[in-house]
Amino acid sequence: MTATSIKSPRKNGSSAASARRLKSEQILGEVQDVLASTQVIDIHTHLFSPAFGKIGLWGIDKLLTYHYLESEFFRSSDTTPEEYWKLSKTERADAIWQALFVENSPISESTRGVVAVLDAFGLPTNASGLQEARRFFGAQSIQSHIRKVLQIAGASDVVMTNDPLDPEERPVWMSGGQNHPQFHAVIRLDRILWGWPQHWQQLASEGYAVDERASGKSIDEVRRFLADWHKRMRPLYMAVSLADTFQFPDERCITSKLLSDAVLPSCRELGLPMSLMIGVRRQVNPRLRLAGDAVGKADLRSIENLCREFPENRFLVSVLSRENQHELAVYARKFNNLMPFGCWWFLNNPSIVEEITRERIELLGTSFIPQHSDARVLEQVIYKWHNTRRTLAPILANAYQLLLADGAEITRQKIQRDVNRLFRTNFQKWTGFRDE
Ligand code: HDL
Ligand code: ZN
């Protein structure tokens with residue numbers, strides 16, 4: 001099956017050509033070509049390598065029952081959430097296809113993404129039903145399908161989100177883990193850092209001497225837990241998603257204590273960055289389950305305090321509120337141990353990606369990481385990275401055209417160096433991750 005509208009990355013041109021000074025009218029084409037031919041490192045996803053079996057999601061039914069589409073479905077259907085949750089996965093996918101793709105035009109970012117995936121595999125995008133798509137995906141073997149999908153997406157590597165306390169994922173790590181060369185682990189600490197009241201007993205049951213108040217030996221024991229999972233997962237970084245109400249420091253809060261006394265010292269000892277993703281308002285509508293989270297403006301003085309108090313730690317930070325983006329970029333100017341990344345979740349829409357990326361370029365040059373996919377279903381990387389390249393090309397080209405107009409020389413070589421930094425070497429420098 002060959003990809004149709006979405007091109008796979010191609011090899012670069014000759015060195016003489018790439019050193020040639022570009023005219024203004026040549027810049028957009030060169031930027032588009034460099035973006036199309038440069039493989040990205042996708043630094044935050046919810047994808048899993050084949051070793052994890054069924055918790056690795058792929059195929060048309062999983063694409064359609066993505067929680068972004070479930071949110072949109074309830075706005076275009078009379079089906080109540082309670083009725084929807086009683087349906088089978090295929091019935092849910094059929095209902096979403098009918099409401100969002102047949103009865104209405106799929107012009108939202110997430111619905112158009114499914115169209116782009118179908119089109120990339122040469123499948124019909126206006127079918128009344130999903131039979132042909134189900135036959136196609138059902139006929140794929142996951143190993144070769146992953147290779148094909150990542151090749152079409154132009155992603156050399158995918159960074160997973162791995163929760164050591166997740167009962168579905170844990171058995172895989174306890175029986176040897178995974179070694180797919182394109183998938184890389186991250187220790188996700190939500191259940192430890194803000195889920196401590198509900199999950200400390202799981203650590204205790206595994207032999208770590210912790211208690212509900214994280215007192216006594218708890219801090220040392222959490223660090224032993226992290227060291228044990230570092231050995232198992234070989235993670236590229238540690239991560240946590242934090243609510244819009246997150247404050248640091250906060251003497252009353254176990255999250256703050258565990259972060260400063262256990263997690264950040266372990267990150268320094270193990271040489272790992274800490275990813276903080278801040279601004280979720282969890283379960284504003286629990287009836288929608290995973291689709292029930294929303295967004296809130298956070299107090300980013302927490303980031304200021306963390307970067308200043310822990311200058312030896314490296315922070316990867318993404319914030320969910322559009323209103324927080326400018327101050328995050330300003331903080332990155334103040335602290336070089338702060339790496340802003342991505343246009344996360346409700347921000348991953350061209351109109352907002354453009355605004356965020358332009359202000360980051362104007363304030364930070366190329367010292368940030370523009371995007372991650374946050375993909376939960378394998379084939380989403382195809383549209384998410386296609387859209388990122390399509391949205392970023394004119395923004396980057398505009399930056400070079402301004403630079404040219406102000407007197408600099410622009411070459412493909414310089415564009416390639418900058419795109420490599422944005423989508424590869426900034427992350428590699430932060431994490432020590434090296435191409436094989
Ligand atoms: O916490 C996170 O990593 C978020 O990305 C959530 O998983 C969210 O549900 C999501 O999928 N966003 O894209
Ligand atoms: Zn995520």
Take the range 146-182 and flag every residue that is within 16 Å of ligand 2 (Cβ to nearest atom), closer than 28 Å to ASP119 by Cα and either touching a helix residue (DSSP H, G or I) at 6+ places or on another chain (Cβ under 8 Å) or among the charged types (D, E, K, R) (or both). ALA155, VAL158
Can you go through SER24, SER49 and tell me which one is surrounded by fewer than 17 Cβ atoms within 10 Å (Cβ to Cβ), farther than 30 Å from GLN98 by Cα, touching a residue at least 60 places away in the same chain (Cβ under 8 Å) and more than 16 Å from ligand 1 (Cβ to nearest atom)? SER24
Cβ contacts < 6 Å: first residue at negative phi, restricted to the range 191-210; second residue in a loop (DSSP other than H, G, I, E, B), any location; separation 6+ or different chain. Result? ARG191/LEU165; HIS199/LEU165; TRP200/VAL210; TRP200/GLU212; GLN202/LEU165; LEU203/VAL210; ALA204/VAL210; ALA209/LYS217
I'd like the full set of residues that are open to solvent by less than 20 Å² (accessible area, probe 1.4 Å) and over 25 Å from VAL158 (Cα atoms), limited to the range 237-259. PHE246, PHE248, THR255, SER256, LEU258, LEU259
Give the residue, chosen from PHE310, PHE346, PHE315, that is surrounded by fewer than 22 Cβ atoms within 10 Å (Cβ to Cβ), under 22 Å from the mean Cα position of the chain (by Cα) and in contact (Cβ under 8 Å) with a residue 12 or more places away in the chain. PHE346
Inside the range 23-50, can you point out the residues that are in contact with a Gly (Cβ under 9 Å, 6 or more places away or on another chain) and either within 19 Å of ALA393 (Cα to Cα) or aliphatic (A, V, I, L, M) (or both)? ASP33, LEU35, ALA36, SER37, THR38, GLN39, VAL40, ILE43, LEU47
Tell me yes or no: at least one residue of the range 45-53 is in the same structural domain as PRO106 (by TED's automatic domain parsing), among the β-branched types (Val, Ile, Thr) and within 27 Å of LEU123 (Cβ to Cβ). no
Does the range 373-392 contain at least one residue that is more than 30 Å from GLY59 (Cβ to Cβ), aliphatic (A, V, I, L, M), open to solvent by less than 50 Å² (accessible area, probe 1.4 Å) and more than 16 Å from ligand 1 (Cβ to nearest atom)? no
Every residue from the range 110-129 that is of a type outside the set (Phe, Trp, Tyr) and in contact with a Lys or Arg (Cβ under 9 Å, 6 or more places away or on another chain): GLY113
Taking the range 52-74, which residues are open to solvent by 10 Å² or more (accessible area, probe 1.4 Å), farther than 24 Å from VAL240 by Cβ and of a type in the set (A, V, I, L, M, F, W, C)? TRP58, PHE74
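The values are calculated or read from the model by the stated rules, or taken from the named source; none is laboratory data. Just so we're clear, the structure is a prediction, and the values are computed from it rather than from any experiment. Positions of Cβ are generated from backbone atoms using ideal geometry, with glycine treated the same way; all protein chains shown enter the neighbour counts. Remember, those area values only see protein heavy atoms, side chains included, never the ligands or the DNA or RNA. Shrake-Rupley method; radii C 1.70, N 1.55, O 1.52, S 1.80 Å.
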